[in-house]
Amino acid sequence: MTLDVDPPEPPELAAVDPNEYEHAEVAGGEYRRDDIEALLREGAWAEAFAEWAAGSEMDESDWQIAVDLGLVSRFDNNQTTRLLF
């Protein structure tokens, strides 16, 4: 089954001090959150969503329920970026 819906807007990544992560030390320009957001907006998000939707067992009514309940916006966007990149 393929879910045939428009992808939601790409997530807005919250500003986080990467050095707050356990066992992480990020120096200077290594932390590229702005670059990741740009890639998401330039098509990586829509491409990843389309790939997910092609294998999803959800139908349009299931998707609408998830949207209505705000579940899409509550998805762990940090996990999303790890999946995409």
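The values are calculated or read from the model by the stated rules, or taken from the named source; none is laboratory data. Since this is a predicted model, take the numbers as computed values, not measurements. Please note: Cβ atoms are built from the backbone with ideal geometry, for glycine as well, and neighbour counts cover all protein chains shown.
Structure values in brief
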quantity: Qualifying positions in the stretch 59-81 - under 18 Å from E47 (Cα atoms) and at pLDDT 85 or above; calculated: W63
quantity: Residue match in the stretch 18-25 (condition: under 16 Å from the mean Cα position of the chain (by Cα) and modelled with pLDDT under 90); calculated: no
quantity: The stretch 26-40 - residue that is exposed (fewer than 12 other Cβ atoms within 10 Å of the Cβ), part of a helix (DSSP H, G or I) and not charged (D, E, K, R) and, of those, modelled with the highest pLDDT; calculated: G28
quantity: Count - residues of the stretch 41-70 that are under 12 Å from L13 (Cα atoms) and in a loop (DSSP other than H, G, I, E, B); calculated: 0
